[in-house]
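Chemist: Right, I'll just put the structure down here and ask away after.
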Amino acid sequence: MPCIACLALGALLGSGWAHSPSNEASESIPATAATAPRGAPSCPPPASFLATGNRPSLEEIRIALREELRAELGAYRPPSEEAEAEAHVPKEGVEERRRLAHDQARQVLGEAVRYGAWTLESRQRFRGTLHELSIPQQNQLIGELFSAIQSGRLKVDELDPPL
């Protein structure tokens, strides 16, 4: 899609003309709008613009944009179902790491509840395992932590938040 910058520039020019006070198609293009940003791909103007030698009208720009969009969308091929299935398959060892991290986080939480206090060390050990867990596992364990704090079974020792 090398002409996306051209499409964006065309859309800007079109919207600029559509909102101008005179709204005339023969209006000249401002120098700042006619130059592409540095590093943007340079797309040649369509042949219909080169043949006339005149500045393009708003309708000509719209037609050129539609043609470019049709060409780009026609060339687009969605990813295959096999590629999508491969992207969703967990890599080897992910489930094992999640299970171990879940067990460790449960152990930290269980020890803290038995002791009755949530210390800075407990918080650090618990947070160290959270990044390995899936979102539902994180929600479950965090819910258990806050439930224990709210019920009074667990007292937070530090002034810092529990997580």
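Just so it is clear, none of the values below were taken in a lab; they were calculated from the coordinates. For clarity, every value in this text was computed on a predicted model and none was experimentally measured. Counting neighbours? That spans all protein chains shown, and the Cβs are built from the backbone with ideal geometry, glycine included.
Chemist: Give me the extension gain from residue 135 to residue 62: residue separation times 0.36 nm, minus the current Cα-Cα distance, reported in nm with one decimal.
Modeler: That works out to 21.7 nm of additional length.
Chemist: Below 11 angstrom from the Cβ of residue 99, what's the summed charge of the other residues (Lys, Arg +1; Asp, Glu -1)?
Modeler: -1
Chemist: Give, in nm to one decimal, the length gained when the segment between residue 107 and residue 77 is fully stretched (0.36 nm per residue of separation minus the Cα-Cα distance).
Modeler: Stretched out fully, the residue 107 to residue 77 stretch lengthens by 5.9 nm.
Chemist: Here is a follow-up. For the residue pair residue 127 and residue 99, what label-to-label distance in nm results when each label sits 7 Å from Cα along the Cα-to-beta-carbon direction?
Modeler: 2.9 nm
Chemist: I would also like to ask the following. Could you check the spin-label model distance between residue 117 and residue 144? Points 7 Å from the Cα along Cα→Cβ, value in nm.
Modeler: Result for the modelled spin labels: 2.2 nm.
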